[in-house]
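The values are calculated or read from the model by the stated rules, or taken from the named source; none is laboratory data. Since this is a predicted model, take the numbers as computed values, not measurements. With ideal geometry, Cβ positions are generated from the backbone for all residues, glycine too; neighbour counts draw on all protein chains shown.
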Amino acid sequence: MVDSSEPVAAMVARAVGIVGRTHVLTDPDLTASRSVDWTGRFRARPAPVVRPGRVAEVAALVAAARELGVALVPQGGNTGLVGGAVPLDGGVVVDLTRFDGVDDIDATSGQLTAGAGATIGAVQAAAAAAGWQYGVDWSARDTATVGGSVATDAGGLRFIRHGGTRRQLLGVEAVLGTSEVISHLPAVEKDNTGYDLGALLCGSEGTLGLVTRARLRLVPPRAPASCVLVAFGSIGSAVSAATTLRREVVELEAVELMVDAGLALVCSSMGLMVPFATPAPATLLVEVASRADPHALLDGVLTSMDGVVEVVVATDERQRRELWRYRELHTEAIARVGPAHKLDVTLPPRSLADFVTEVPELVASVAPEARTWCFGHAGDGNVHVNVTGIEPGDDSVDEAVLVDVADRGGSISAEHGIGRAKRRWLHLARGPADVSAMVAVKRALDPDGICNPGVLLPSGS
Ligand SMILES: Cc1cc2nc3c(=O)[nH]c(=O)nc-3n(C[C@H](O)[C@H](O)[C@H](O)COP(=O)(O)OP(=O)(O)OC[C@H]3O[C@@H](n4cnc5c(N)ncnc54)[C@H](O)[C@@H]3O)c2cc1C
């Protein structure tokens, strides 16, 4: 059964008038998958799904939702990992995937405008066709959307090189919770005309409004990359190698960390060959791109590093893609074990190795039956702690790990956002004045609290 409370039923009727019957889905067979998150941890009763295709339609939907007091849950590819796009507080899902155009491509300055529903893969393809590259990339690229990536300030595999989504964002078009349309999609690189509303919406997780388009900055394409898998004798030596690589190799594109249990799981569950003769406690995937000989460049640095046990080098593009599969398939392999509690955290470099080494023990002390899987973006201190074998609603492990991260000076969210999964612990990352400033912004831009209630901000705010 979909939510058929009186206000929601009235909203569905209004939505049919705004976007047309074919773009309002109420059959649970069609909507159920939009009411559960990618991990399967967050499941709501199926909610109606409305699919606007024009910004004026989004504005009319927001105006109707205000009038009727109905929550709107923006959704793109539904690949988010913190339960932010799941209608757990009821209301209506607003699916923005019909905004899938990529246009206004400026090959001279390296910019384009993408609809909120365009996938990251589509933006990358458009950028490449114009002789540029989009600087943000991750394995859900063919499903995750521009709107979702702006809303979560997605980071990804090239963060050390190009930064996250916020750094690529020149401006947005969006419908605020007031139903007003803001639109600033500048064609120029330098523009400091007051408040950066795009940056404000970036990372707001749908709580201030619905993004419909984004103006994105592109980066120069890089020459063919060199990609290696390096096995280390300890997590400590892998982490300190990541620091050395950052300092010594300006051409560094990615440094990704895997530990033995995760790599073994990926191999067994996804049918990949074990990459090393002997299993190693930690592995780095390192990629560089340079006009100089990237292999020579890496050889020099790797031979000077402590703790290197074995190196596997990709000599062509096919092998490069194969090496990336060891890292990119972690999320899927873990999902096959069961719904994971996803704790996407960042540690200061000095604490990263100890944290990765000690966190399985900490988890076991709270939930002896749980399994802990760690992997992540070692170059920027971002580790994904995935815990399987605990009930979706039991957050005692989340509490222990997030408090530990905060005690070590880290952040409880690196790139996935706070969503529903972590909002109870926002205070570990942001002080009371920060939170009340966020609440004040929310009240100004979404006075009736209809934009994604229950996400990011503490309950009752
Ligand atoms: C296999 C896998 C690997 C991943 N790897 C990474 C990674 O390396 N780095 C990383 O950062 N993330 C990663 N993610 C997480 C996810 O892909 C990102 O969070 C992505 O930005 C979500 O985009 P989406 O379109 O799927 O958004 P959704 O999941 O649909 O929504 C995410 C949030 O954004 C809001 N939202 C969506 N669209 C809009 C809009 N148009 N306007 C306003 N709010 C909106 C939603 O309400 C929700 O709060 C991964 C996910 C998977 C499944």
Exercise for the section: Could you tell me which of the residues Arg66, Arg21, Arg34 is surrounded by fewer than 24 Cβ atoms within 10 Å (Cβ to Cβ) and within 16 Å of the ligand (Cβ to nearest atom)? Expected result: Arg34
Completion exercise
Over the stretch 376-402, the set of residues under 17 Å from the mean Cα position of the chain (by Cα) and either more than 17 Å from Gly338 (Cβ to Cβ) or among the small types (Gly, Ala, Ser) (or both) is Gly376, His377, Ala378, Gly379, Asp380, Gly381, Asn382, Val383
Fill in the blank from the handout: From the option list Pro7, Pro87, Pro28, single residue qualifying as buried (at least 22 other Cβ atoms within 10 Å of the Cβ), on the phi < 0 side of the Ramachandran plot and out of contact with any Cys (no Cβ under 9 Å at 6 or more places or on another chain) is Pro87
Problem - Tyr195 vs. criteria closer than 24 Å to Asn78 by Cβ, away from the ligand (no atom under 12 Å from the Cβ) and not assigned by TED's automatic domain parsing to the domain that holds Ile418 - result: no
Practice task
From Leu302, Leu285, Leu323, Leu263, grab the single residue that is outside the structural domain of Asp137 (by TED's automatic domain parsing) and under 30 Å from Val36 (Cα atoms).
Solution key: Leu263
Handout entry: the stretch 112-143, residues that are within 6 Å of the ligand (Cβ to nearest atom) and under 26 Å from Arg246 (Cβ atoms)
Key = Trp138, Ser139, Ala140
Exercise for the section: Using the structure shown, decide if Asp142 is acidic (Asp, Glu), assigned to a loop (DSSP other than H, G, I, E, B), modelled with pLDDT under 95 and surrounded by fewer than 24 Cβ atoms within 10 Å (Cβ to Cβ). Expected result: no
Practice task
State the number of residues belonging to the stretch 26-58 that are under 24 Å from the mean Cα position of the chain (by Cα), polar (S, T, N, Q) and assigned to a loop (DSSP other than H, G, I, E, B).
Solution key: 1
Fill in the blank from the handout: Of (1) away from the ligand (no atom under 14 Å from the Cβ); (2) in contact with a Gly (Cβ under 9 Å, 6 or more places away or on another chain); (3) closer than 22 Å to Trp138 by Cβ, Gly77 fails just (1)
Practice task
Give me the pairs, please: first residue somewhere in the stretch 409-433 and in contact (Cβ under 8 Å) with a residue 60 or more places away in the chain, second residue anywhere and assigned to a helix (DSSP H, G or I), beta-carbon distance under 6 Å, and either six or more positions apart or on two chains.
Solution key: Ser411/Ala429; Ile412/Leu402; Ile412/Val405; Ile412/Trp425; Ile412/Leu428; Ile412/Ala429; Gly417/Thr152; Ile418/Leu426
Practice task
Kindly check whether there is at least one residue in the stretch 304-317 that is out of contact with any Ser or Thr (no Cβ under 8 Å at 6 or more places or on another chain) and farther than 23 Å from Phe232 by Cα.
Solution key: yes
Exercise for the section: Evaluate the following for Arg350: is it modelled with pLDDT under 95 and under 25 Å from Ser240 (Cβ atoms)? Expected result: yes
Practice task
For the stretch 372-382, indicate whether the set of residues that are surrounded by fewer than 16 Cβ atoms within 10 Å (Cβ to Cβ), more than 20 Å from Ala254 (Cβ to Cβ) and not assigned by TED's automatic domain parsing to the domain that holds Ala280 is non-empty.
Solution key: no
Fill in the blank from the handout: Subset of the stretch 152-175, residues under 22 Å from Asp191 (Cα atoms), of a type outside the set (Gly, Ala, Ser) and in contact with a Gly (Cβ under 9 Å, 6 or more places away or on another chain), comes to Asp153, His162, Thr165, Arg166, Arg167, Gln168, Leu169, Leu170, Val172, Val175
Handout entry: Sole residue being out of contact with any helix residue (DSSP H, G or I) (no Cβ under 9 Å at 6 or more places or on another chain) and more than 11 Å from the ligand (Cβ to nearest atom), chosen from Ser179, Ser109
Key = Ser109
Practice task
Might you let me know whether the stretch 388-397 holds any residue that is in contact (Cβ under 8 Å) with a residue 12 or more places away in the chain, over 23 Å from Gly148 (Cα atoms) and part of a strand (DSSP E or B)?
Solution key: yes
Handout entry: Residues located in the stretch 416-458, provided they are part of a loop (DSSP other than H, G, I, E, B) and touching a strand residue (DSSP E or B) at 6+ places or on another chain (Cβ under 6 Å)
Key = His416, Ile450, Asn452
Fill in the blank from the handout: Gly194 vs (1) crowded, with 23+ Cβ neighbours inside 10 Å; (2) free of Cβ contacts under 8 Å to residues at least 12 places away in the same chain: all pass except (1)
Practice task
Taking Ala187 as meeting all but one of (1) at pLDDT 95 or above; (2) farther than 20 Å from Leu81 by Cα, write down the number of the exception.
Solution key: (1)
Problem - Unmet requirement for Arg167, which otherwise passes all of (1) in contact with a strand residue (DSSP E or B) (Cβ under 7 Å, 6 or more places away or on another chain); (2) more than 9 Å from the ligand (Cβ to nearest atom); (3) not small (Gly, Ala, Ser) - result: (1)
